[in-house]
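Taking it in order: structure first as structure tokens, then the write-up.
The values are calculated or read from the model by the stated rules, or taken from the named source; none is laboratory data. Not measured: the values here are computed from a predicted model. Here the Cβ positions follow ideal geometry from the backbone for every residue, glycine too, while neighbour counts run over all protein chains shown. The protein model used for the area step is the full one, side chains on, heavy atoms only, and it has no ligands, DNA or RNA in it. Shrake-Rupley method; radii C 1.70, N 1.55, O 1.52, S 1.80 Å.
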Amino acid sequence: MGTYSDSTDARDRSVVLTRSPALAPLLAAGALRSPFKRPGADAEFPRTRLVLPGLRVDLARLAAYERVCGFPTGDDALPVTYPHVLGFPLAMRLMSAPDFPLPLLGLVHTSIEITRYRAPEASGEYELTVYVDGLAPHRRGTEAAVVTEMRAGGEVVWESVSTYLARHGGEAGTSGGPSASGEPSEHSQSGEPSESVRPERHEPLPEVAEWRLAGDIGRRYGAASGDRNPIHLHPLTARLFGFPRAIAHGMWTVARCLAAHGTPQAVLVRAEFRAPVLLPGSVTYAAAGERFELRGGERVHVAGSVVALGS
């Protein structure tokens, strides 16, 4: 696609990118290839590591991201979720490729785990590495783990593991659209949770705040992140994929919760995506200690934890 060089290391099979891939062509290619994929936990998957060196943050886009997610603007430290935005085009290039065995259409982002060893500065220069760590059987299909690493001066300062589920093996498919945001179909066509993650049972967390979400949250987040999946942008385009209204990006819901919760500099964040957030709408942010939730009535949309490292 003209976004990477032909420099491939035979030992670690790394491909060095010259710039971040454009998401729109990757989404289109992944959608077109989806009907021909044959997912399975024993399928071959790409072993390539995509590497993007010399990365600098676009400060205007960062400020837009901070505003839409509720993070303070002007802080030189990157929000804890922002490296995911930087690495997502690389992950999409891997998941839309012909040798990735899971179909992009209907792929469900079930969870993310972020480890931040120190807060990267917005003014810094970084190297990103993204690769598929493996496939695993799941009670509803096959799950892939995608790793993103951010390095500064050769040192890993931030890394994440995202899990993506392809439902198959007799389960009804979803029509959630391409996995552009990672969370396009965390639910069935009716908008019900896919139950791709079996929730841990906890006592409900105390309510902290109620947030009224405008209908343009998906468009604003898409402009800031580059993720313009149609299910997030407008009710008409969302209906094409079986949703009654546009839904919020899953990574926006996590970022919004973490902006409210706060994170120490060295931190381990875990979050599970359980149900979509329809736009416009109202949600309740709840938190106690290390745990947080985003709820709509009795339904939990996101559940997660924030644990300080070294404590």
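Please give the Cα centre distance for the stretch 278-309 versus the stretch 46-114, rounded to the nearest Å. Cα centroid of the stretch 278-309 versus Cα centroid of the stretch 46-114: 21 Å apart. In loop segments of the stretch 20-128 as defined by DSSP, the trypsin sites (Lys or Arg not before Pro) with at most 15 further C-beta atoms inside 10 Å of their C-beta are ARG47, ARG118.
Taking a Cβ cut-off of under 13 Å around ALA209, the surrounding Lys, Arg, Asp and Glu residues balance to a net charge of 0, with basic ones at +1 and acidic ones at -1.
Qualifying trypsin sites (Lys or Arg not before Pro) in the stretch 200-281, where qualification requires a DSSP coil assignment and no more than 10 other C-beta atoms within 10 Å, comprise ARG201.
Solvent-accessible area per residue in the stretch 51-143 equals 34 Å², computed with a 1.4 angstrom probe and all protein chains kept. May I ask for the net charge around ARG19, where only other residues with Cβ less than 14 Å from the Cβ of ARG19 are counted and Lys, Arg are +1 while Asp, Glu are -1? Value of the local net charge: 0. Residues VAL302, VAL161 ordered from highest to lowest accessible area at a 1.4 Å probe: VAL161, VAL302. Taking amide H as placed 1.01 Å from N in the peptide plane, VAL208 has its amide H under 5 Å from the amide H of TYR285, ALA286, ALA287, each at least 5 places away in sequence or on another chain. Computed over the stretch 1-132, the alpha-carbon pair-distance distribution with 10 angstrom bins reads 11, 37, 35, 16, 2, each value a whole percent.
Net charge of the neighbourhood of ALA308, taken over other residues with C-beta under 14 Å away and scored Lys/Arg +1, Asp/Glu -1, is +3. Judged by the ratio a/c of the largest to the smallest principal axis of the C-alpha gyration tensor, the stretch 85-165 counts as prolate, that ratio being 1.5 or greater while a/b is larger than b/c.
Computed with a 1.4 Å probe on the full set of protein chains, the accessible area for VAL300 sits at about 30 Å².
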